[in-house]
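Participant: Below you will find the structure I want to go over with you.
The values are calculated or read from the model by the stated rules, or taken from the named source; none is laboratory data. Just so you know, these numbers come straight off a predicted model, no measurement behind them. For neighbour counting, all protein chains shown are included, and Cβ atoms are generated from backbone atoms with ideal geometry for every residue, glycine included. Keep in mind that these areas ignore ligands, DNA and RNA; they rest on the heavy atoms of the full protein, side chains included. Shrake-Rupley method; radii C 1.70, N 1.55, O 1.52, S 1.80 Å.
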Amino acid sequence: MYTDCILGKDYFYNVIEKIAALIEEKRDYLTELDAAIGDADHGFNLSIGFREVSKKMPEWKDKDIKGFFRSVGMTLLGKVGGASGPLYGSFFMKFGEPGSGKTEVTFQDLFEMFKQGVQAVEQRGKATVGEKTMVDALKPALITFEKAMEQNLEAKKVLEVFIDAARQGAKSTIDMIAKKGRAMRLGERSKGHLDPGAASSTMILEVFLECFPC
């Protein structure tokens, strides 16, 4: 069922283009979220990184899917300051792994790509659900993705519930006390604020659905 949905390199190229535009559009919003509990630079840093990605993308058109996302990840790693660079850099570098030697993948492969990307974030950030980080959006979304496939939902519906789970996970960070990063120093005062990493990662996942061709 999921092998019939083929996602070519053009899909992923389009996704990254739109993510870069979205980050630019939401730069100030993400920075405001970070100002409440962090260093007030989340949107600004991501904007710098994705501007560089946009500039370099034409050079990556001939790469396979793994090579393309490795280039995206390495660029973010080199350009994005704070914790976001290593986390998003690791996410995209690992995300591309199942696309090694390929210019197109199946929907089943897409799940594996998200799985490897999320695991990379967990390992790099040493974070678990409940600590007020982007993992609170990513991990529940990944679990929901797998369950939805087990229920044989159509591919687009799988992505829809995947995104819904990410949104709910991000929203849940509002009532959490931060256990990681700069926000941790605020203790109880970190409650009542949406985690900026959970917000930005949910935005990024939403683009995969927005561009979905199947």
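Participant: Taking only protein heavy atoms and a 1.4 Å probe, what accessible area per residue, in Å², does segment 61-214 have with all protein chains in place?
Facilitator: Accessible surface, normalised per residue, equals 44 Å².
Participant: Which number do you get for Rg(Cα) / (2.2 N^0.38 Å) in the chain?
Facilitator: Output field value: 0.97.
Participant: Counting only Cα atoms, I'd like the Rg/Rh figure for segment 1-70, Kirkwood definition for Rh.
Facilitator: 1.12
Participant: Give the Rg (one decimal place) followed by the Dmax (whole number) of segment 56-175, computed from C-alpha coordinates and expressed in Å.
Facilitator: Radius of gyration, then largest Cα-Cα span, for segment 56-175: 14.8, 45 Å.
Participant: From the backbone phi of segment 119-125, what are the Karplus-calculated ³J(HN,Hα) couplings (6.51 cos²θ - 1.76 cosθ + 1.60, θ = phi - 60°) in whole Hz, Gly and Pro given as x?
Facilitator: Karplus-based 3J(HN,Hα) across segment 119-125 equals 4, 5, 5, 4, 6, 5, x Hz.
Participant: I've got another one for you. Taking the Cβ of Ile65 as the center, what net charge do the other residues with Cβ under 13 Å away carry, scoring Lys and Arg +1 and Asp and Glu -1?
Facilitator: Value of the local net charge: 0.
Participant: How big is the Cα convex hull of segment 90-144 in projection, averaged over all directions, in nm²?
Facilitator: 3.7 nm²
Participant: Turning to a different aspect of this structure: Taking trypsin sites (Lys or Arg not before Pro) that fall in a DSSP loop and have at most 12 other Cβ atoms within 10 Å as cut points, what is the longest piece of the chain between them?
Facilitator: For trypsin sites (Lys or Arg not before Pro) (loop position, at most 12 other Cβ atoms within 10 Å), the longest site-free span of the chain is 127-214.
Participant: Whenever you get a sec, compute what percent of the accessible area on the chain sits on carbon and sulfur atoms (1.4 Å probe).
Facilitator: Reported share for carbon and sulfur atoms: 48 percent.
Participant: Same structure again: Using θ = phi - 60° and the Karplus relation 6.51 cos²θ - 1.76 cosθ + 1.60, list the HN-Hα couplings for segment 10-27 in order, rounded to whole Hz, with x at every Gly or Pro.
Facilitator: 4, 4, 5, 4, 4, 4, 5, 4, 6, 4, 4, 5, 5, 4, 5, 5, 9, 3
Participant: For the pairs Lys132/Lys171; Lys9/Lys171; Lys55/Lys102; Lys126/Lys147, flag any whose C-alpha to C-alpha distance is greater than 21 Å.
Facilitator: Lys9/Lys171; Lys55/Lys102; Lys126/Lys147, as the Cα separations exceed 21 Å there.
Participant: Using the Cα centre of the chain as the reference point, and only Cβ charges (+1 on K/R, -1 on D/E), how large is the resulting charge dipole? Debye, rounded to the nearest 20.
Facilitator: Its charge dipole is roughly 620 debye.
Participant: Using alpha-carbon positions, what is the distance between the centroids of segment 116-166 and segment 24-92, in Å?
Facilitator: Using only Cα atoms, the two centres lie 20 Å from each other.
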